[in-house]
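A short write-up of the structure that comes next.
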Amino acid sequence: MTEDNAAASAPAAAIAAPNVVSGAAVETAVPPSQVIQQHAIAHAPAPITQLTDYSPRSAFMPRPRPFLMDVPLFAGVKEDALAALEISATEHVFHRGQDIVREGAFGHHLFILARGSVEVVKGEGNNQVKLADFKRLDFFGELCLVESVLRTATVRAKEPTLVYSISSATLHKFGVFWPADHAIIIENLVRVLSSRLRRIDNLYAAKAF
């Protein structure tokens, strides 16, 4: 990914190991292990570009329930549509203290927390302000889905963390094949953005007094 420079490599299974990166945090993204890839190939539906008439009733082999179905952002989206979106996502592992996105960097990926937790901070040094903590099923980096902007905050792993990334281009392609489901995602996104903006306003208002 152009946005997240891979500086280290480890299998996705390393998520369970308490491997701590010392010194300055370094952005890193680790691809899934061969075992996970084989499982995905065996059980996942076709990519979005091929999945124009997929139906669960036409599948001879059972497939896992899409993880994305548990994510509030995708509430109301059909299972077959989410299965296609999930297989088009990319899996990454970050160690404790590593930045997943950095304030001021150009971004074009939405990130969804599958395991672990992160903190969202703005500014540096003594001027750094903590905006939020996110845990499993939360998401961040969503502004890039509505407009091309620089990252407004840094998101840092608080522990070994597994995330899925979905690019804005992938979501756009998703909207071509599933326009109604795409509209649901955007509607959910607007509600979450509104809630987060209110929370940040309240945070800064409280610090002003």
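Conditions (1) crowded, with 21+ Cβ neighbours inside 10 Å; (2) within 14 Å of Val155 (Cβ to Cβ), marked per residue:
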position	(1), (2)
Ala81	yes, no
Thr90	no, no
Glu103	no, yes
His109	yes, yes
Asp133	no, yes
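Please go through segment 85-96 and give me each residue that is assigned to a helix (DSSP H, G or I) and not aliphatic (A, V, I, L, M), ordered by number.
Glu86
So Cys144 clears everything in (1) more than 17 Å from the chain's Cα centre (by Cα); (2) modelled with pLDDT under 90; (3) surrounded by 13 or more Cβ atoms within 10 Å (Cβ to Cβ); (4) not basic (Lys, Arg) except one condition, right? Which one?
Exception for Cys144: condition (1).
Being β-branched (Val, Ile, Thr) and surrounded by 13 or more Cβ atoms within 10 Å (Cβ to Cβ) is the filter here; which residues of segment 187-201 pass it? Don't jump to the end; show me each part of the working.
First, the residues of segment 187-201 that are β-branched (Val, Ile, Thr): 190, 192, 200.
Listed by number, the residues that qualify are Val192, Ile200.
With respect to Val129, is the statement that it is closer than 27 Å to Leu197 by Cβ and surrounded by 21 or more Cβ atoms within 10 Å (Cβ to Cβ) true? Working first, answer last.
Details: closer than 27 Å to Leu197 by Cβ: yes; surrounded by 21 or more Cβ atoms within 10 Å (Cβ to Cβ): no.
So Val129 fails the test.
So, Arg151, is that one among the charged types (D, E, K, R) and at pLDDT 80 or above or not?
On the way: among the charged types (D, E, K, R): yes; at pLDDT 80 or above: yes.
Taking the combined requirement at face value, the residue satisfies it.
Which of the numbered conditions does Val163 fail, given that it passes all the others? Conditions: (1) more than 24 Å from Asp80 (Cβ to Cβ); (2) among the β-branched types (Val, Ile, Thr); (3) out of contact with any helix residue (DSSP H, G or I) (no Cβ under 9 Å at 6 or more places or on another chain).
Condition not satisfied by Val163: (1).
Return the residue satisfying two criteria in turn: it lies in segment 97-115 and is in a loop (DSSP other than H, G, I, E, B) and within 22 Å of Ser148 (Cα to Cα), and of such residues it is farthest from the chain's Cα centre (by Cα). Full working, then the answer.
Our first condition is that a residue be in a loop (DSSP other than H, G, I, E, B); within segment 97-115, this holds for 97-98, 102-105, 107-108.
Checking the rest, the ones that are also within 22 Å of Ser148 (Cα to Cα) come to 102-105, 107-108.
Details: Arg102: 14, Glu103: 16, Gly104: 18, Ala105: 16, Gly107: 12, His108: 11 Å.
Here the residue is Gly104.
The values are calculated or read from the model by the stated rules, or taken from the named source; none is laboratory data. Bear in mind the structure is a predicted one, so any value in this text is a computation, not a measurement. Ideal geometry is used to build each Cβ from the backbone, glycine not excepted, and the neighbour counts take in all protein chains shown.
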